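No lab work stands behind these numbers, since they all come straight from the coordinates. This is a predicted model, so every value here is computed, not measured. No Cβ is skipped: glycine too gets one built from the backbone with ideal geometry, and neighbour counts run over all protein chains shown.
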Amino acid sequence: MCRATPPRQVRQENPLQTLHCIHGIHLRQGKKVTLRELQSMTKNRSAKMLTGMETVALSSLSDYINNLDTEALAELIKTLVEKYGKLLTGREKKLFRIFDTTWMTVTRKQFPQAVPSGGGGRNAIRMGLRVGGESLFPDLVLVHCESTSDNDIFKNLLKLVRNAQITYIFDQGFTKLSDFLDIDASGNYFITRMFPCYSYQVLKNQPIVEKKGSLKILADQEVLVGSNDNPGQGIFRRVEARTREGKELVFLTNRWDLESWEVCDTYKLRWQIEVIFRWFKQYLNLNHFIAHSINGVLAQMLLIALTHLLLLIFHRALNGSKKFSFIESERTLRNLIDEAIAGEPPPAVKLF
């Protein structure tokens, strides 16, 4: 059995040490690494310097993550997002924020406070994620154990800044019309799928502008949404479209400056957050929680978001001289990690 160095003896000067140890190592050869393999790596002097850990066991990793300062990690993500934003130019700097939620199953024994999820002794934890821009960099992660609706965490994901002119993109699970009015009143924008149960009255039909290869636009209207006794009743724009497969989609927005087809195409950006969730769950094995506390789960999610953000920054740095695909950038980073563990000094890569 692996013996663990007590958490208090683990060097913690660098808040990214556990990131290197848990998630950076996951990038090696694109596969999961067992604790036994990880422990053998820590026998290497260079690996010890990277991770700050003398030895590895599940208990020491769990204790370490359970006690991480999540506010410090969130602040680090905020700083990196600001630095990364300065690297973006032109089309990349469009102010978009896309958010969604997902459920992750956990064992009922380890997380008795989580929401029951069917049989088999399983519970579930809800994760809220907000990503920014067309580069899809994560800038906000939330964790909820209690049974909450999407509307309950809507404003926490929004975090409105007045007159920031940000366009928030989200699905029809967020349905509170008064929140849409708040977005509009704050000088920001939204594009969402229109909830089918909304009552609405057409005030004006607008000119339809289509684009070849985009969705077929069926209607572009100014509408009064909500009943008279609904405090969220407001005037918004309704765009109805049809896919090539015949599926009809209805969008609701306060973006009056976009053409009909632009409203539809901009909403398509929201679908990309599913790629991020899949990357979190599959590639970085998000459903396997090393931590067994709510703070630890949030810390692990923040570390994963931080990993993704650092990969985006690294990818951007490599593309300064040569066009790399994101997969090629990941492969290059794996090689650099391997070289560092082997004791070879990696080449300097300027990130900012």
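Annotation: the residues Ile273, Ile208, sorted from fewest to most other C-beta atoms within 10 Å of their own C-beta, follow the order Ile208, Ile273. Working note: Karplus 6.51/-1.76/1.60 with θ = phi - 60° gives the stretch 63-72 the couplings 4, 4, 6, 4, 9, 5, 7, 5, 5, 5 Hz, where Gly and Pro are set to x. Taking amide H as placed 1.01 Å from N in the peptide plane, the amide H of Ala124 sits under 5 Å from that of Val106, Val115, Ser117, each at least 5 places away or on another chain. Here the stretch 71-275 carries DSSP beta bridges of which approximately 85% are antiparallel, counting only pairs with both residues inside. Taking amide hydrogens as placed 1.01 Å from N in the peptide plane, the amide H of Gln172 sits under 5 Å from those of Arg193, each at least 5 positions away in sequence or on another chain. I'd like the FRET efficiency for Asp265 and His292, computed as 1/(1 + (r/R0)^6) with the beta carbon distance as r and R0 of 51 Å, rounded to 0.05. Here the calculated transfer efficiency is 0.75.
Take the Cα of Ser59, step 7 Å toward its Cβ, do the same at Ala72, and the gap between the two points is 2.4 nm.
Taking 7 Å steps out from each Cα toward its Cβ at Gln201 and Thr107 produces label points 5.9 nm apart. Taking 0.36 nm per residue of separation and subtracting the current Cα-Cα distance, fully stretching the chain between Ala317 and Gln272 would add 14.0 nm. Taking label positions 7 Å along the Cα-Cβ direction at both Arg242 and Leu95, the computed distance is 3.7 nm, reported to one decimal. A simple rule links phi to the HN-Hα coupling: the Karplus curve 6.51 cos²θ - 1.76 cosθ + 1.60 with θ = phi - 60°, which for the stretch 177-186 gives 4, 4, 5, 5, 5, 4, 4, 5, 5, 7 Hz, with x for Gly and Pro.
As a rough footprinting exposure proxy, the listed residues Arg162, Arg193, Arg130 were ranked by other beta carbons within 10 Å of their own, and the order from fewest upward is Arg162, Arg193, Arg130.
In terms of other Cβ atoms within 10 Å, Ile276, Ile65 run from fewest to most in the order Ile276, Ile65. Taking a temperature of 10 °C and a viscosity of 1.306 mPa s, what whole-number D in µm²/s does Stokes-Einstein yield for the stretch 71-275 with Rh from Kirkwood over alpha carbon pairs? Approximately 85 µm²/s, per Stokes-Einstein. Whole-Hz Karplus values for the stretch 154-164 come out as 4, 5, 5, 7, 5, 6, 4, 10, 4, 6, 7 Hz, taken residue by residue from phi with 6.51 cos²θ - 1.76 cosθ + 1.60 and θ = phi - 60°; glycine and proline positions read x.
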